[in-house]
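A.B. asks: Before we start, here is the structure in question, set down as C-alpha cells.
Derivation of every value follows stated rules applied to the coordinates shown; laboratory data play no part. Just so it is clear, the structure is predicted and the values come from calculations on it, not from any experiment. No Cβ is skipped: glycine too gets one built from the backbone with ideal geometry, and neighbour counts run over all protein chains shown.
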Amino acid sequence: MEAAECVGDTSGATGGGAQVLLLADALNVSVEDLVGSNGTKKHGTGPTGKMKQLFEAASRLPRSQQQKLAAVLEAFVNQHAAR
C-alpha cells in the first residue's frame, strides 16, 4: 500500500491512530520511529567529548573564521586519509 493511500483512506479506521499505524507499516518503520517518541538516543550522530566541545565552540565563531577552520581541518583529514 502506498503512503498516500494510507493517509487518505480512513475506511475502517478508528481515527488518526489507525492512520499512523498504516503509515508506519507502509514506510516499514515503527510508530515510535515515525513520531519520534521512542526515547532512545541515536548513536553515531556526531562527535562526542572534546571534539563535540570544539565543534560547538567553532559553530559560534564568525562565518569567515569557521571557513578558515574548516579548510585547515579538511586539509589535515585529507592528508591523514591518504596514508
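A.B. asks: Sticking with the crude label model, points 7 Å out along Cα→Cβ, report the distance from SER64 to ASN78 in nm, one decimal please.
C.D. replies: Between SER64 and ASN78, the simple spin-label model gives 2.3 nm.
A.B. asks: Most exposed first by the Cβ proxy, i.e. fewest other Cβ within 10 Å, how do VAL29, VAL20 rank?
C.D. replies: Least to most surrounded, the residues fall as VAL29, VAL20.
A.B. asks: Report ³J(HN,Hα) in whole Hz for each residue of the range 51-64, in order, from the Karplus equation J = 6.51 cos²θ - 1.76 cosθ + 1.60 where θ = phi - 60°; Gly and Pro get x.
C.D. replies: 5, 4, 4, 5, 5, 5, 5, 5, 5, 8, 6, x, 3, 5
A.B. asks: ³J(HN,Hα) across the range 21-36 via Karplus (A = 6.51, B = -1.76, C = 1.60, θ = phi - 60°), whole Hz, x for Gly/Pro?
C.D. replies: Karplus-based 3J(HN,Hα) across the range 21-36 equals 4, 5, 5, 4, 5, 5, 8, 6, 10, 7, 4, 4, 5, 5, 9, x Hz.
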